[in-house]
Amino acid sequence: KAGVTQTPRYLIKTRGQQVTLSCSPISGHRSVSWYQQTPGQGLQFLFEYFSETQRNKGNFPGRFSGRQFSNSRSEMNVSTLELGDSALYLCASSLGSGALQETQYFGPGTRLLVL
Amino acid sequence: AQSVTQLGSHVSVSEGALVLLRCNYSSSVPPYLFWYVQYPNQGLQLLLKYTSAATLVKGINGFEAEFKKSETSFHLTKPSAHMSDAAEYFCAVSDRRGAQKLVFGQGTRLTINP
């Protein structure tokens, strides 16, 4: 079974621009979560989507948004990029049962560099 | 709120030596705990998880972890380190406010010396 895929793998943008990242979950998984990883803040939860609806949200500004499509694929968008948005963005998928012990499977990430 | 503390941002061991990576959690209710590994330029791979079925949890690649409620710990061990174990390791707990939200520790970078 194919794993979680993320595109693109690398991105370079300039301040003020916007960016869209894509995530395709494991087949059959209905929940997609997004995390930001930086050297200073570590791994932080952005949001989770399930059945095209945002189910959970982390403490990030409104510039960070996402959506999920009917085939469970998800995109996240960052508008008005800032230097501090440079990070590895990780997507994780799971079945979406809501069980706390449910395993999340991570993709390879998209590395975003903002200049 | 749940939280995780990993003691030691950097651990270095010799090949063949015991690996011990420390994780302490804070939770007002019985937690669900996870260890993930991240190799350079890759995403996170699940090593093992604790779901209250057994306190000693065996994972992939020879790793295991023991849940100790009295010490609020979930340390990761491997009896004999291999060069391929060099990576960053993350301990995480499920945030009960959101089922698919993991709260991660800051990570421990494991270096293996030949």
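The values are calculated or read from the model by the stated rules, or taken from the named source; none is laboratory data. What you are looking at is a predicted structure, and each value in this text was computed from that prediction instead of being measured. Virtual Cβ from ideal backbone geometry, glycine too; neighbours counted across all protein chains shown.
Take the residues of the range B:34-58 that are in a loop (DSSP other than H, G, I, E, B) and closer than 21 Å to residue B:106 by Cα: which is modelled with the highest pLDDT?
Within the range B:34-58, the match that is modelled with the highest pLDDT is B:39.
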Might you check whether a residue that is assigned to a loop (DSSP other than H, G, I, E, B) and either modelled with pLDDT of 95 or more or among the basic types (Lys, Arg) (or both) occurs anywhere in the range A:83-102? yes
Condition met for residue A:55 (basic (Lys, Arg) and either free of Cβ contacts under 8 Å to residues at least 40 places away in the same chain or within 11 Å of another protein chain (Cβ to nearest Cβ) (or both)): yes
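In the range B:49-84, which residues are within 10 Å of chain A (Cβ to nearest Cβ) and either touching a helix residue (DSSP H, G or I) at 6+ places or on another chain (Cβ under 9 Å) or of a type outside the set (Val, Ile, Thr) (or both)?
As a first pass, look at the range B:49-84 and keep what is within 10 Å of chain A (Cβ to nearest Cβ): B:49-53.
Passing the criteria: B:49, B:50, B:52, B:53.
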In the range B:63-101, the residues that are part of a strand (DSSP E or B) and surrounded by fewer than 23 Cβ atoms within 10 Å (Cβ to Cβ): B:64, B:66, B:67, B:68, B:73, B:75, B:77, B:78, B:87, B:88
Output the residue which, of all residues in the range B:29-47 that are of a type in the set (A, V, I, L, M, F, W, C) and either surrounded by fewer than 15 Cβ atoms within 10 Å (Cβ to Cβ) or at the interface with another protein chain (Cβ under 10 Å from one of its Cβ atoms) (or both), is farthest from the chain's Cα centre (by Cα). B:29
Filter the range A:67-84 down to the residues that are of a type outside the set (Val, Ile, Thr) and crowded, with 22+ Cβ neighbours inside 10 Å, then identify the one that is farthest from the other protein chains (Cβ to nearest Cβ). A:76
Quick check: is even one residue across the range A:17-29 more than 14 Å from chain B (Cβ to nearest Cβ), touching a Leu at 6+ places or on another chain (Cβ under 8 Å) and of a type in the set (Val, Ile, Thr)? yes
Evaluate the following for residue B:106: is it without any contact (Cβ under 8 Å) to a residue 60 or more places away in the chain, touching a Phe, Trp or Tyr at 6+ places or on another chain (Cβ under 9 Å), within 8 Å of another protein chain (Cβ to nearest Cβ) and on the phi < 0 side of the Ramachandran plot? no
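Consider residue A:44 carefully, then state whether it is surrounded by fewer than 20 Cβ atoms within 10 Å (Cβ to Cβ) and assigned to a strand (DSSP E or B).
So residue A:44 fits the description; yes.
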